[in-house]
Amino acid sequence: MNKTLKRNHIIAALLLIVTLGIAGCGYRVRSSVGSLPEGIESLGIPTFENRTSQFKLEQWITGAVLKEFNARTRIDIHSRQSGADAVLLGEILSVQSTPVTYGSRSFGSAFLVTVRISAKMIRTKDSLVIWQNRSFTFRERYTLNSDVRDFFSEENPALDRLANAFAASLVSTIIESQSLDSPKP
């Protein structure tokens, strides 16, 4: 009985050592909450400029970006330029829908929506561009219902999914960007 108790203590001690060793080896769970450069306590995100004919695309994308920044940062985010430490400006340059699959009557049954956007973050106190990407390109696939009686266009839901994917990528890129430490004149 004494040997069994001693063996259990040794096993428990070894497990404790292994557990502490693994916990102390430097691996950490990274927080999804990020930060912007020092001194930026508020961010203005006005409605992106829409240079396309796609109705309300600027509203979908700007709304998704506002929502994503609110979820991923702890700073004040609002939809106006005035009174913010930095401003994120966006311009939707193009949107294109291309058939990728054809149905039995030579009509497109699956499409690829491609949107190209230019975005930059400007520090308001000195007008320095602290982050910029002139050509974000995002794609989203959508399918048309082949039965005309049950027709439902998937383009708007595809654009909504695309706006959310764009916003998540944009916010991640800005938060994780090393170029934020060195503003560009």
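Between Glu41 and Lys67, the simple spin-label model (points 7 angstrom out along Cα→Cβ) gives 2.9 nm. Here r is the Cβ-Cβ distance between Ala110 and Gln59 and R0 is 22 Å; the resulting FRET efficiency, rounded to 0.05, is 0.30.
Here segment 39-138 is assigned +1 on the Cβ of each Lys and Arg and -1 on the Cβ of each Asp and Glu. Its dipole about the Cα centre then comes out at about 240 debye. Annotation: extensible slack from Leu128 through Ile75 equals 17.1 nm (criterion: 0.36 nm per residue apart, minus Cα-Cα distance). Model label points for Ser169 and Arg141, set 7 angstrom from Cα along the Cα-to-Cβ axis, are 1.6 nm apart. The stretch between Thr98 and Thr4, if pulled fully straight at 0.36 nm per residue, gains 26.7 nm over its current Cα-Cα span.
A short reminder: the numbers here are calculations on the coordinates, not readings from a lab. Computed from a predicted structure; not experimentally measured. Cβ coordinates were reconstructed from backbone atoms using ideal geometry, including for glycine residues, and neighbour counts include every protein chain displayed.
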